[in-house]
Structures are given as C-alpha cells and as structure tokens.
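To start, the structure itself, in structure tokens.
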C-alpha cells in the first residue's frame, strides 16, 4: 500500500511541557535516519501563529504531502491544524497528531532519552498510517428536486411554511385533498388545542396558497431510495394500486402518534367514562356537556407517568374551554400528588377565577371508579374521599400506531415495539444529519402537544433549508470520513445495512440482478463498524481505512519491546481518558502505546491480528463505557471480534489474555490507567511471544483466518443489531453457539494454513507432510482437505496410491 | 516583519501576531489561564498582562490579544506587571478557593492569602469561559454557556439541565485550566442520555 508520499513530522516543544522532558534533539535525529520520514521540523509552539507559519513554509518548500504533528491532543487541536494547513493543500485525513505531551511527557517517569524512544515509536506508527492513506477526492453533493414532506402529520404545515418562507420548493404528500379536512380531524391527535386552531388554519392557508408548494394526495409509502440530494420516493396509489414515483432532494417525515381510548380499563365505557379524544369529539358535535365533569389524570396508573404532564395540560385546556363556554359545567381535575400542577402563575389565577379545582390523590392507593363516583385517598388527611361525576374523562393511551411504524421502517428507522420513534443515536458531529433527529417531526417522535409538533416541523425544515441553500450555492460537500462501497466487491448480502446504526446504507439496483449497497455520505457518521464487519472488505471508511490502521499497528508492533503493549483508545472514551490523565499529570506505566481511533468498532479483526503478526506481545482496546458508545454498539461489536481473536490465539498456542477489551469514561482517567497498568503487568507475567517459525506460521494463519469470508460472515451475523436493546449476553444456546463457532474457526484456521503451506511448496504434498509441517493431527486436516478439494481450491492427484495435494 | 523588544531581547514578528504568540515562540514564558491554542483568545483571566513601553509612556495590556507593533518594548516580569498579577491572583484565590492549580500559581507569585471574601470553599471555576469557547469553536455544538449574571454567573447548560446538544466529547474537561469542569460535565451530558418525553419532569 506504500505510495511513497512525502511525510513531514513536526515536533512541538510546547514551551517547557515537552522539550526538557523529552529529548527532542535525539528524537529528531532518530526520525531523520529512517526513510519513512522525509522532513523533521521542530517548533517551540507549533499551534501558534509563528509555529504554523513555520510548518506552512516547510510544507511548501519540501513539498510535503502528509504531516504528523507531535504535540498535544488531537481531539482539540487537529481541527485547527486542518483549517490552517488547508491553504497548503493538505486535507482532512492527511494530517495526524501524536499526543507527546499527554501520552508521553506528562505521564511517565522516564529519562529524556527513553521518552524520545517511546515518542519515536508512536510517530513512526502515525507516519506509517499516513503512508497507507489513499486520499479520496472531495465530493460535491448535487441537489435535485424539491423537498418532500411526507407522513401526513400536522408538522407538515409548519415545515412547509418555513420552507416557503425560505423560498424553497416543496411537495406535501398528504392523505386528504383539502387542508380543512385535516383541521377537522386535528383533535384526534391533539385534543384540547382548540385555542390554537385559528392560527393553525392561518398557517395551512398560507401554505395552501403558495405557488412553491405542491400538494399531492398519495397512498401508502412503499419505498425511499437514493441519497441526500437525490431521493426517489414511491407511493402506492389508493385508486389503482399502482406505484407513483416522485423525486426529491430531501425528505422530511412528519408523523403523528396515535391516541387510543382506555378500552375496558379504568371503567371506560365510551359514554360516561371517556377519554380526551372522545371528550373533544363530544364538544365538537354536541357541545359542552353540563353537570359535574371530572378529569382523572390516570397516566401513573396506566404505567406511563411521563405522559402525565401532557395529559394534565390537555385536561386544563379542555376544562378552561368548558368553563368559558358553559357556566353550568363544574370541572374538577384529579391528579397524582407526585406530579406538580403544570400551570403558570397566571393560569392558576385564571383557574381559580373559572372555578376549576385541582385535587391531588395519594398514588399509593389506586383510585377506584364506581358508577357516578370515584374513590381516592387524600394525601394530607390520609382518608378515603369520594368525588361524584356525571362524566369522567380519562387520559388516552398513546402509541406510535401501525401506519406510522410502517412508514418509519421504510424510512430506515428501526422502531422498537411500543416505543416512540425518538432514538438517541449519539451524535458525533454537530452538523450530522441523523434521519430521526433532524428530519422527523411530530408526536410520533415522542408524545407532545401541537405547539411542540409544529416547532419540530419548523426545526426540521430549517435544518433541511440549510442544506438546500448550501447545495444551491455549490458548497455542499460530503464529509471526508464516511464509508464507501466498492461495488465490484459487494455481493449485496445486506449485513452492513443490518448493523448500520445511522441508516446511511441503501440498496441500489445493480447490473446482473444482485443488489450492491451504497452509502449516503450526509447520513453516515463514519462509525465504521459496518466496514469492519464486511465479509468481503467491500466497505471502506475512506481517509481512515482499515489498511491505514493495519499499517499503523504493524509499524508500532515491529518496534515494540517484549513487554510493551499496543493499545487502541476510542476518541470518546479511552483516548479522552488518556488525554485527561495527561492534563492531570497522573503518572503510569510507560509500556503502553496508545493509538487513536475514532470508535473502537472501527477496528477490523485484521487490525488486531496484524498487531500480533508483526510482533506485539499484547493488544488492549479501550472504548467508551458500555451503553455509552457514540456509534451505538462499537464496544459490543468489538467484544465479538476480540472473542474471535482470543479463540484464535488459543489455537496458535498463545495465551488468550494477550488481547483484552476495556473501557474508560473520559472523566475517569484513573479507569484508563488501571486498565493499562493491569494489562502490562499481565503481559510481564506472560513473558514474550516466541517468534519461532511455527508460531509465525500460526500467526499468519490467524491473520488469514480473520480475513476469511466465512468466518467474517458468522462473526457479522452474531453482532448486535440496532434494534436489539441490550447485548444478548444471555443468548439462548450460548454454549452450542460457542462450540459451533469454535469448530468453524478451527476448521478455517487449518484450511488457511494448509493453503499457505501449499503456496510456498512447489511440489504437491501428502497428508503426512502437511501434518508434520503444521504440527497438527492428521484427523484434523483430512476433512478440511476433502472439502477444499470439492470446493475446487486444491487439487488431489494420486501417485502410487497416495493422495497428493497442491494448490489449484 | 515587525521588530520590537521583549524583556530587552530583540524579536521579529509578522504583523497580526500577538505579543503572547511572539513571546512564546522565543521561549519567553507568560502565565495564562483562559488562553488555549485551539480557540480564539478572549482575554478573560487577565493573567497574561505585560507592560508595553513606547517612548516615555507605558501601559499594562493583555498579551494574548495585544498585536505586535514596530518599536514597542514589552516587559513580561516588571514590578508593575507582577503587582497586577498578584492582584489578579488574590482575587482568583477568593473566587475559587477549591482549586489547587490556582493556589500553586498564586504561591509562585508569593500570594498565599486573600483580602477578599472567599466564595464557596469548594469552588474551582474561575469563569474564564474557555470551556464555552471550545464547545462552540472546536466541537461546534454550543452545549454550555455562562448562566446568570454578576455574582450569580456560572458555567452550565441552559437552565442547568442536561443538554441535548452535548455530544459528551469531554473537550471542556480537557481544556479546563483548574479542573472545575470535571465535576460539572455529568450535569451537562446527563445520565442517562435516553429520555422518553423531555417535557415530563
């Protein structure tokens, strides 16, 4: 992969914080002796204007194509270097940083020469990683077509209003022909919002009257394909059942949640005991009922205390309307004493004036509904009370609704049963456009009132408008570190789409009938666990590839001493904790060499295997705390990969503990230190790895096995999916799965080693020779040999009655 | 190129560089708290004061934002400068008695006690706003800001509630000059991150 780019290394004194502690002169000389580094510079402060000038001058004069800055935290400073050095033509990905201050100078009690040794190893590793970089061209995102707002939720109108105010064309995909119909049905999703209807109608009329808005009446959403800037949306027409295809540059989904009545629970009968929606319906049709009305905020009893606030607001709003329109109605609101009355001071005053009574009840005793009465326990008097009613109004049951779930699935979300659509996939970039976050609006995200739904619609439209304006100005570029699919390698198995947590991977119709995938760069978060899982290495995280990480770890591993360990730290967990250990000046064992990685899930098992193949005695992976992963399941996925390497290390005759998975919170640098020190102590106990020919041959086998498509497939199939709530550690048939997995690995391990051996030999080999060379039992080999013959990988020739095998 | 003197040493700088940058480039130490290379200088802590002499007048300026000029003379450790720094450190001691870093820094200048009424004994934050600037300029999310005014001013997310904008990157913790952010980040990033209905509290 070496493409002989000129690499420049810039050492930073950081005032007094690096220079006297690390012998930078010795380090400079050491770096200059090796061919991998074309230029070594040294700056008192490389990040300040004078230092940056110095680097820029050197980059221009020396024609440097990659730069390593050995100074401080990449998490903080890399952006500045990228921005400043951008004018010299260096792009994101072509600059790397080594944290000399925080990972070497501030944290070890070593002599300046020893510090320089450690620094050199880390810098060589960074340089090797940059050497393996294949920079991708900057990709401009084309934007074609209007913005499509689909889903039919009420936020459609606020989103459309925002777009037309920003002069952006949009299509409204709705269910009804006239907006007045929607207004009439509004109370089904947002009861008690009557005071808002006039304004709502004004918004609707503004949208309906605009020339920028096209209203289409469509049926069920069938598919959404394409990528940001160029989507194809297909609906099934309700009239003739034929597909209707529309093109859109961006899609906003406005989805309203569903309100159901309480069924037979809480005395609900649909006549005297009703729910909010039914009460609203009644007010619409027959007017405000007279007599004693009791609202019971029963969300605590229904198991959803989080909805009580919203239900109480609705009740208040309806109660107010009733009192204002019917003086004969007496309204009481009965609420759990654990919840505060959700009114402002002005509303409380108004409530008193209108004679609306709020009565708290003790939640420990469940109120009981009887004909004409509701019994509850007074929390102050601790006595049971009765309240008479003519109409009892309960909170509704809220759910996402089947239709909405279907639409969400088409949009690439994975709604969990009974859960609202708001997912918190951790953000990694502020401008990141997770579909659920930026482009989803309405009460299907989470239960909310009309005002909030409309606000969400406006916000989604604003986000979309930002992109549209950027695209129209020709300034919309895809982020540089996103996944790309090599369509020639992709077999369309769909594994990546299944484990992708950002919904960025889409199928495309390919030649020959198979369906390769492509990635929407505006949605991809660059997590990279999909790339690490691809059985065929068809997915690459561009500008941050597995090849780079392999080169980096190999370079480091080759230079490590027998008791030193390679560690990978994720930028959100392990690395951040290590940086903070440096800031705090905590001292720890210097035998740990930390490499930076975006997410621990980016680490392909081949990177782990490469570390051992090139001489690392141990590998430690430090991610985020469990369930805190910024890329959803990076840590879980890595666990499965580490498990694979452990099994293979066992097969190689090495201790399984030479690879370990750890986690550290960024605010707990001590966690990182404990993990690192514990690991190097363990390595010291285990002793060095003998690098004899047999071990080397086996380690090569380990490397080949993790690149074997079949092993990678089974590994990938076992990874946690985004819709799985917790890691299935208590998986069913755990033992038998593990056993089958082990059988598979052992089989492939033997297979790749035999292939390797035959590749080296010019002569066909007999079973005995193979068995002796690999030091494996003949019985282990014979089945795999037979299989490989039948698969056509090797040929079998009989000479003198004995089978001879050779590579085809 | 602009030529001038720092502590009597002749130095050269490009127009647009600041005094602090030029001094550091030439190995002259000026203490700072609110300054970080990753963000724009804001001049909040005033600890980087230096004395600028031009002709027969001189004045105290903050070196992190003062641009270089031809012929000026900078004194980084003059008695006048030290006096101002001692004042600042004395005020900082009262502002955040809980910070070990500030106590050590003050001790270097011979400041071991303060004549001002100390704040809460555990207070560590000097309100330099570095975390706020990092959140805005480096991370780009604006999850934290200064909340309140005057003596009630503090650092946090809006309404001091866990922020949805926070990406939990920990940049604020790494840049914090006194370690005060370590105790605050959990209130900003929120535990746990998942909430079903944000308005139901």
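Rule-based calculations on the coordinates, nothing more; no lab input. Predicted model, so just to flag it, every value in this text is computed and none were measured. A quick note on method: Cβ atoms are made from the backbone with ideal geometry, for glycine too, and the neighbour counts reach across all protein chains shown.
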Determine the relative contact order of region A:473-565: mean sequence separation of Cα pairs under 8 Å and six or more apart, normalised by residue count, in whole percent. 33
How big is the Kirkwood radius of chain B, worked out from every pair of different alpha carbons and given in Å to one decimal? 18.6
Orientation-averaged projected area, Cα convex hull of region A:735-807 (nm²): 5.1
For chain B, calculate the relative contact order in percent as a whole number, restricting contacts to Cα pairs under 8 Å that are 6 or more residues apart. 16
Kindly state, to the nearest 0.05, the FRET efficiency for residue A:366 paired with residue A:180, given R0 = 41 Å and r defined as their beta-carbon distance. 0.45
Subtracting the Cα-Cα distance from 0.36 nm times the residue separation, let me have the gained length for residue A:759 to residue A:786 in nm, one decimal. 8.0 nm
Theoretical ellipticity at 222 nm over chain A - DSSP helices of four or more residues, -39500 (n - 2.57) apiece, nearest 500: -12000 deg cm²/dmol
Would the protein assembly as shown count as rounded, prolate or oblate if I go by the C-alpha gyration tensor, calling it rounded below 1.5 in a/c and otherwise prolate when a/b exceeds b/c, oblate otherwise? oblate
For region B:100-157: relative contact order, % (alpha-carbon pairs under 8 angstrom, 6 or more apart): 21
How far apart, in nm, are the 7 Å Cα→Cβ label points at residue A:282 and residue A:195? 2.2
Shape of region A:504-612, Cα gyration tensor, a/c cut at 1.5: oblate
How far apart, in nm, are two points set 7 Å out from the Cα along the Cα-to-Cβ line at residue A:25 and at residue A:779? 6.8
Would you mind classifying region B:130-189 by shape? Square roots of the alpha carbon gyration tensor eigenvalues, ordered a ≥ b ≥ c; an a/c under 1.5 is rounded, otherwise it is prolate if a/b is larger than b/c and oblate if not. rounded
Please determine, in degrees from 0 to 90 and to the nearest 10, the orientation of helix A:546-559 with respect to the longest principal axis defined by the Cα atoms of chain A, where the helix direction is its Cα long axis. 40
Sites residue B:29 and residue A:138, calculated FRET efficiency, Cβ-Cβ separation with R0 41 Å, nearest 0.05: 0.50
Pick from B:66, B:109, B:159: which is most flexible by mean-square fluctuation in a GNM of chain B where alpha carbon atoms under 10 Å apart are linked? B:159
Can you give the FRET efficiency to the nearest 0.05 for residue B:12 and residue B:107, using r as the Cβ-Cβ distance and R₀ = 41 Å? 0.70
Pop a pseudo-label 7 angstrom from the Cα along the beta-carbon direction at both residue A:382 and residue B:142 and give the gap in nm to one decimal. 5.2
In degrees, nearest 10, range 0 to 90: what is the angle between the Cα axis of helix B:79-95 and the longest Cα principal axis of chain B? 10
How much length is gained on full extension from residue A:685 to residue A:718, taking 0.36 nm per residue of separation minus their Cα-Cα distance? 8.6 nm
Just for the protein assembly as shown, what percent of DSSP beta bridges are antiparallel, to the closest 5? 50
Diffusion coefficient, µm² s⁻¹, Stokes-Einstein with Kirkwood Rh over alpha-carbon pairs of region A:261-396 at 25 °C and 0.890 mPa s: 165
Before rounding to the nearest 500, sum -39500 (n - 2.57) across all DSSP H runs of length at least 4 in chain B and divide by the residue total; then give [θ] at 222 nm in deg cm²/dmol. -7000 deg cm²/dmol
